[in-house]
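Here's the structure, in structure tokens; my notes come after.
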Amino acid sequence: MATTPTDVTAVLNRLMTAASPYEEIAVTDAMITAGLMWRCPCGGTNAYNDIVCDLCAADRLWIADQTPPRYKCWKLLDDLREGLKDWFDDRARVRRPAAVGFRVTNEYGDDPAWATSGATVYFPDSPTGTEYPHDFAHSWVADALVEISEFDRPQPGDSLRIVVPAV
Ligand SMILES: [Zn+2]
């Protein structure tokens, strides 16, 4: 049986109901790290599937992909998204980003390609990204980047930023 947003919300609500006021802070922090809640730049905390902040009514950041306008390889982009989801799903004590952006490189030969290293991670509490220290080499993310690069070579100035699903 597939997990629905209603199931997830029910489980998270029960967890918050069970937490003591002291535990609530720790549970909230863990849920933000896991991407099951998000913190707005204003400091407000929100449910993972809210698209505006409960506290300040600002739009949630990083909820849309950014791809070269000519890109039509939706299936390949979804493969990349699934790869990112898999990468971050069970990573211990790593904060799950809202989106990941990739850079263009010529390191892999004559043709430009999307790089597996030097990616940028974006979090809902900041309008700017930070460099991701790890390389996605030898993962589903890397496989998807190779396929996208071969399907349509990135050009200078292209952007590729993919939303990582929360669940
Ligand atoms: Zn806010």
For residues in segment 50-67 being assigned to a loop (DSSP other than H, G, I, E, B) and surrounded by 14 or more Cβ atoms within 10 Å (Cβ to Cβ), which is farthest from the ligand (Cβ to nearest atom)? Thr67
Does at least one position in segment 107-129 carry a residue that is buried (at least 17 other Cβ atoms within 10 Å of the Cβ), more than 12 Å from the chain's Cα centre (by Cα) and outside any loop (DSSP other than H, G, I, E, B)? yes
From Leu15, Leu76, grab the single residue that is out of contact with any Cys (no Cβ under 7 Å at 6 or more places or on another chain), touching a residue at least 60 places away in the same chain (Cβ under 8 Å), hydrophobic (A, V, I, L, M, F, W, C) and more than 16 Å from Pro165 (Cβ to Cβ). Leu76
May I ask you to list pairs of residues, at least six apart or on different chains, whose Cβ atoms are under 8 Å apart, with the first in segment 39-67 being without any contact (Cβ under 8 Å) to a residue 24 or more places away in the chain and the second being more than 14 Å from the ligand (Cβ to nearest atom) and hydroxyl-bearing (Ser, Thr, Tyr)? Thr45/Thr28
Evaluation of Gly83 against (1) without any contact (Cβ under 8 Å) to a residue 24 or more places away in the chain; (2) surrounded by 15 or more Cβ atoms within 10 Å (Cβ to Cβ) (one fails), failing number: (1)
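None of the figures in this text is laboratory data; all of them are computed from the coordinates on show. Everything numeric here is computed off the predicted structure, so don't read it as measured data. Counting neighbours? That spans all protein chains shown, and the Cβs are built from the backbone with ideal geometry, glycine included.
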